[in-house]
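K.L.:
I am attaching a structure below and will ask some questions about it afterwards.
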Amino acid sequence: MKTKSELRGILFRHLDGIVTVPTAYSLYKKGVLEFILQQQNASLKELTEKFKANEGYLNVALRVLASQGWLVQNINNQNDEITFAVTDKSKEAFSLIPLYADVFNLMQFSEHFHPRKFEVEPFELLNKLYSKYKSNFGIAFSDDEKIRSIQKQVLYHIEGVLVGPTIVMLGMTGMFHKYFMETSFRPEEFHKNPECFKEILDFLSHLEWFTKKNDNYQFTETGLFYAKRAAAYGVTVSYIPTLRKMDELLFGNASILRNIGEHETELHVDREMNVWGSGGAHAEYFKIVDEIIIELFNRPVSEQPIGILDMGCGNGAFLEHIFDVIERQTSRGKMLDEHPLFLVGVDYNEAAIKVTRANLIKADIWAKVIWGDIGRPQLLADTLKEDYNIDLKELLNVRTFLDHNRIWETPKTRTPNRISTSSGAFAHRGQRISNAEVEDNLLEHLNKWSPFVEKFGLLLIELHTIAPELTADNLGRTAATAYDATHGFSDQYIVEIEVLHKIAAEAGLFSDERVFTKFPNSDLATVSVNLLKGK
């Protein structure tokens with residue numbers, strides 16, 4: 001059996017594949033990659049004009065390939081020029097991209113079927129692809145180590161598209177319940193179409209996730225490793241609705257997934273799956289938050305906030321968790337009758353507000369749950385004061401993976417001579433946004449919040465990007481490629497940790513060094529925990 005480190009490396013490569021397959025195949029079909037190969041070097045502007053592309057999303061797409069080591073991104077933030085050049089891997093990698101056709105078509109085909117059920121027609125297509133995969137899609141492995149590594153990289157990408165959605169659906173529908181994980185079982189115990197389901201189990205057995213004996217299947221240690229980490233696939237897979245529209249995003253109507261009314265279902269992401277995947281992945285970060293909460297609410301009551309506001313409360317799970325921590329592990333928890341804890345859940349999504357209210361009532365937790373926009377803290381402050389006599393400044397403000405998903409607003413003022421230090425690729429409805437403009441937008445965003453968080457702080461768990469060359473040098477050790485693609489194509493703005501700290505300081509907010517934590521604790525960090533406060 002492979003080591004846990006090796007298995008984790010395959011998981012990261014699977015995530016790479018889910019986003020790289022549609023991105024690379026769309027660029028290949030249009031001739032973009034062949035052109036770059038011929039020219040050896042091409043500017044983003046030149047490529048945009050030649051292929052009539054949407055510049056912002058084209059920039060995201062090419063940066064994805066740079067993160068896989070197949071291109072080099074050269075970004076000059078001083079004069080806002082971006083070019084992409086070939087690497088010693090480009091020719092071999094681009095020659096293999098036609099192999100992505102089948103799984104790219106599977107992405108398109110699956111749109112017409114239920115996102116939570118295994119139906120016969122997709123099963124049949126999957127089965128054909130399983131057969132191809134078992135013969136390595138016709139790849140004859142080279143004796144040249146560099147070429148062989150590219151061939152394996154491409155096969156892991158294909159495997160990711162086959163495995164990722166499958167493991168997420170199995171996870172969300174109960175396949176990874178202890179009953180199935182600890183005993184052997186037959187396909188008919190789990191699925192009404194056992195013959196079809198058997199094909200999936202046979203493929204996963206080929207990957208050594210199961211052993212099979214007399215039509216009974218049992219998890220292997222490898223299978224248990226992935227079953228316990230099914231949620232790690234959830235967020236990336238939840239963006240397949242965006243990824244399957246890659247042709248249109250790059251070369252057609254960039255707003256194809258955004259033309260919906262205010263109260264209609266999101267088209268660009270499977271939100272239920274996204275929340276499921278996020279919840280499974282966040283436990284490690286919450287441990288750090290718990291330590292901060294415990295320290296704060298063990299202080300003298302006069303030095304404590306009157307409560308906590310969770311912006312983007314989702315289903316209320318984070319608020320419920322925070323309440324439990326305060327009630328059970330702090331001095332404040334012993335005096336809630338004399339000093340009640342004001343909990344406020346805020347969300348932009350009306351459905352999330354209803355779910356949060358229901359969940360907190362069920363948990364017997366008193367809280368106000370209201371509508372709010374992360375980009376309009378003054379409106380939120382006015383609502384809290386007028387309707388509930390709660391002062392926003394007296395609350396600890398917390399949020400998890402939210403600030404990068406703020407609604408884009410063109411900065412009202414620009415910082416003179418700002419030269420961005422970010423390597424990111426940013427867009428809004430297909431239009432490219434310069435990195436300096438993203439930094440100015442972030443500054444205006446934090447300036448709006450600064451007066452309300454100076455006293456008790458803004459507790460952030462936030463997602464980040466890293467330079468594509470760093471990602472390329474560490475394939476199998478980071479999910480950065482998947483984060484960059486899913487967030488870049490859906491108009492979200494993840495910047496490097498250093499950029500967040502720099503812009504926060506410009507807004508008069510500084511990260512408490514006693515609290516600051518990054519995951520992993522290295523240059524590959526893509527998640528940080530910060531308590532931003534005024535000095």
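K.L.:
Counting Lys and Arg as +1 and Asp and Glu as -1, what is the net charge of the other residues whose Cβ lies under 12 Å from the Cβ of Thr478?
P.N.:
-1
K.L.:
Which angle between 0 and 90 degrees, to the nearest 10, do you get for helix 271-281 versus the longest principal axis of the chain when only C-alpha atoms count?
P.N.:
Result, in degrees: 80.
K.L.:
Which order, highest average first, do 32-43, 312-323 follow once you tally other Cβ atoms within 10 Å for each residue and take the mean per peptide?
P.N.:
Descending mean neighbour count gives 312-323, 32-43.
K.L.:
Along each of its three principal axes, how wide is the spread of alpha-carbon positions in segment 198-244, in whole angstrom units, largest first?
P.N.:
The Cα atoms of segment 198-244 stretch 41, 21, 13 Å along the principal axes, largest first.
K.L.:
Can I ask one more? Could you tell me the largest-minus-smallest coordinate of the C-alpha atoms of segment 305-374 on each of the three principal axes, in descending order and whole angstroms?
P.N.:
Here the spans come out as 34, 23, 16 Å, largest first.
K.L.:
Report, for the chain, the % of DSSP beta bridges that are antiparallel, rounded to 5. Don't skip to the answer; put the middle values down first.
P.N.:
On the way: 28 of 45 bridges.
The antiparallel fraction comes to roughly 60 percent.
K.L.:
Find, to one decimal place in angstroms, the Kirkwood hydrodynamic radius of segment 1-147, where the mean of 1/r is taken over every pair of different Cα atoms and then inverted.
P.N.:
In segment 1-147 this quantity evaluates to 17.3 Å.
K.L.:
Out of the trypsin sites (Lys or Arg not before Pro) in segment 34-63, which ones are loop residues according to DSSP with at most 15 other C-beta atoms within 10 Å?
P.N.:
Lys52
K.L.:
Could you work out the per residue convex hull volume over the alpha carbons of segment 348-504, in cubic angstrom?
P.N.:
Spelled out: Cα convex hull of segment 348-504, divided by residues, is 149 Å³.
K.L.:
When you count, for each residue, the other Cβ atoms within 10 Å and take the mean per peptide, how do 235-245, 407-417 rank with the highest first?
P.N.:
235-245, 407-417
K.L.:
FRET efficiency for Arg406 and His339, Cβ-Cβ distance as r, R0 = 22 Å, nearest 0.05?
P.N.:
Once the sixth-power term is evaluated, E becomes 0.10.
K.L.:
How high is the relative contact order of segment 387-499, in percent, counting Cα pairs under 8 Å that sit 6 or more residues apart?
P.N.:
Value for segment 387-499: 40 percent.
K.L.:
How large is log10 of I(q)/I(0) for segment 442-535 at q = 0.15, 0.17, 0.23 Å⁻¹ when the intensity is taken from the Debye formula with one equal scatterer per alpha-carbon?
P.N.:
One equal scatterer on each Cα of segment 442-535 leads to -0.61, -0.75, -1.15.
K.L.:
Let me ask something additional. Determine by what factor the alpha-carbon radius of gyration of segment 262-389 differs from 2.2 N^0.38 Å, reporting the quotient.
P.N.:
In units of the 2.2 N^0.38 Å rule of thumb, it is 1.11.
K.L.:
State, to one decimal in nm, how far the label point of Glu124 lies from the label point of Phe519, with both points 7 Å from Cα in the Cβ direction.
P.N.:
According to this spin-label approximation, the distance is 4.3 nm.
K.L.:
Here is a follow-up. Tell me which lysines have Cα within less than 19 Å of Lys245's Cα, excluding those fewer than 8 residues away on the same chain?
P.N.:
Answer for Lys245, where 19 Å is the Cα cut-off: Lys29, Lys30, Lys52, listed by chain and number.
K.L.:
Convex hull over the alpha-carbon atoms of segment 74-169: what's its volume per residue in Å³?
P.N.:
Values: hull volume 13.8 nm³, N = 96.
Spread over its residues, the Cα hull of segment 74-169 gives 144 Å³ apiece.
K.L.:
Over 37 Å, how big is the tail of the calculated P(r) for the chain, in percent of all Cα pairs?
P.N.:
The calculated P(r) of the chain puts 34 percent of pairs beyond 37 Å.
K.L.:
Report, to the nearest 10°, how far helix 120-134 tilts away from the longest principal axis of the Cα atoms in the chain, using its own Cα long axis and a range of 0 to 90°.
P.N.:
The answer is roughly 60 degrees.
K.L.:
Sort 444-450, 76-82, 125-131 for me by packing, meaning the mean count of neighbouring Cβ atoms within 10 Å per residue, highest on top.
P.N.:
Result, highest mean first: 444-450, 125-131, 76-82.
K.L.:
Regarding segment 180-221, what are the three Cα extents along the principal axes, ordered largest first, in Å?
P.N.:
Cα extents, longest axis first: 27, 19, 16 Å.
Values in this text are rule-based calculations from the coordinates and carry no lab data. Please read all numbers here as calculations on a predicted model, not as lab measurements. Reconstructed Cβ throughout: ideal geometry from the backbone, glycine too, with neighbour counts over all protein chains shown.
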